[in-house]
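The values are calculated or read from the model by the stated rules, or taken from the named source; none is laboratory data. Here the structure is a predicted model, which means the values were calculated and not measured. Positions of Cβ are generated from backbone atoms using ideal geometry, with glycine treated the same way; all protein chains shown enter the neighbour counts.
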Amino acid sequence: MNKLKVMVMTQNDRFFIPKNIYKASLVCDIVEIVEVDCKSSLDNKIGDYYKWFGFRQCAKMGVVTIFRELEKYIDRISGYKIFHGLCSVRDVAKKMKVPHQVITDSNDKQFLEHVSKLQPDLIISYSAPQIIKKDLLDLPRFGVINVHGSLLPDYRGALPSFWYLYNDEKMGGATVHYMSAKIDDGSIIMQDCVDISDCKTMFRLMKKTKRLGGELMVRAIKELSEGTATTRPNEIDKGRYFTWPTVKQAKEFMAKGYRLI
């Protein structure tokens, strides 16, 4: 199997995405990892999380994040021998000796020129927080694929982990699909479901769906490399689209016994 040259696009994450990037690196040649730091990145929505979940839940998440940051620095001191660079996107890139950069606009002309020179066969997205426009979508010969934490076409849009719990769903899932100029709109390469009936927090649910999504991405890359990948339509008229929750919806979420963490 010829390994594809792959660019990874994502956002800052300490808990799930670094491990998925590492898994993907076992079946492809990752040539660069790009973090997109924009208005819709989760790191830049802390104020919204405070409005939705309140001080106690945000403080609890803050404590967990601080411990993860400590693990990151311990890992760096050890030469990545303890946590193997899996405490941040930047660190997993350094551990794998892969170029890493942070950008603010996925569709910026200068970034497009950079990607054109790099000539990746494929771009893979793990929670990349911006709509990718046609100019970038058309650059890699195998296109751009994304992993979304739901069973598309249902639960398109923002925070499927919130909406799955809000709607008291018992089964969740993940989908790898081609990206188009619309949100979660491209044809589906593969998907699978996972039992979320024991999940009372978004963090636990995300742990399940992100793990599944990482496994599906590995399988998708393998099939694209081997020329065996198949797709089916993402029939968006048969699924629901969700945006960011309102404060009222977040209070209803908490009233049902669900939590952020």
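Couple of notes before you dig in:
- Qualifying positions in region 14-31 - surrounded by fewer than 22 Cβ atoms within 10 Å (Cβ to Cβ) and either among the aromatic types (F, W, Y) or outside any helix (DSSP H, G or I) (or both): R14, F15, F16, Y22, L26, V27, D29, V31
- Just one of the listed residues (I66, I77) is farther than 26 Å from S161 by Cα and modelled with pLDDT of 95 or more, and it is I77.
- Unmet requirement for D185, which otherwise passes all of (1) modelled with pLDDT of 95 or more; (2) closer than 29 Å to L4 by Cα; (3) surrounded by fewer than 23 Cβ atoms within 10 Å (Cβ to Cβ); (4) in contact with a Pro (Cβ under 9 Å, 6 or more places away or on another chain): (1)
- Filtering region 151-171 to residues that are among the hydrophobic types (A, V, I, L, M, F, W, C) and over 21 Å from N234 (Cα atoms) leaves F162, L165.
Quick grid of which residues meet (1) part of a loop (DSSP other than H, G, I, E, B); (2) free of Cβ contacts under 8 Å to residues at least 40 places away in the same chain; (3) farther than 19 Å from G85 by Cα; (4) in contact with a Cys (Cβ under 7 Å, 6 or more places away or on another chain):
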residue	(1), (2), (3), (4)
V6	no, no, yes, yes
V34	no, no, no, no
Y49	no, no, yes, yes
M61	no, no, yes, no
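- Condition check for S197: more than 21 Å from the chain's Cα centre (by Cα) and crowded, with 19+ Cβ neighbours inside 10 Å: no
- Some residue of region 244-261 being within 21 Å of the chain's Cα centre (by Cα), loosely packed, with under 14 Cβ neighbours inside 10 Å and either more than 30 Å from N2 (Cα to Cα) or among the polar types (S, T, N, Q) (or both): no
- Considering M190, M217, M206, the condition of being under 16 Å from the mean Cα position of the chain (by Cα), within 20 Å of Y50 (Cβ to Cβ) and surrounded by 17 or more Cβ atoms within 10 Å (Cβ to Cβ) is satisfied by M206 alone.
- In region 216-238 there is no residue matching the filter, namely being under 21 Å from D168 (Cβ atoms) and without any contact (Cβ under 8 Å) to a residue 60 or more places away in the chain.
- Residue-level analysis places I236 among those that are of a type outside the set (D, E, K, R), modelled with pLDDT under 95, within 23 Å of P129 (Cβ to Cβ) and surrounded by 14 or more Cβ atoms within 10 Å (Cβ to Cβ).
- Pair list, Cβ < 9 Å and 6+ apart or interchain, from region 79-90 residues that are under 18 Å from T10 (Cβ atoms) to residues that are of a type in the set (S, T, Y) and part of a loop (DSSP other than H, G, I, E, B): L86/Y80
- Residues of region 109-130 that are at negative phi and at pLDDT below 95: A128, P129, Q130.
- Of the residues making up region 192-203, those that are assigned to a loop (DSSP other than H, G, I, E, B) and farther than 30 Å from T230 by Cβ are S197, D198, C199, K200.
- For region 59-102, the set of residues classified as under 25 Å from D48 (Cβ atoms), surrounded by 17 or more Cβ atoms within 10 Å (Cβ to Cβ) and touching a strand residue (DSSP E or B) at 6+ places or on another chain (Cβ under 7 Å) consists of V89, R90, listed by residue number.
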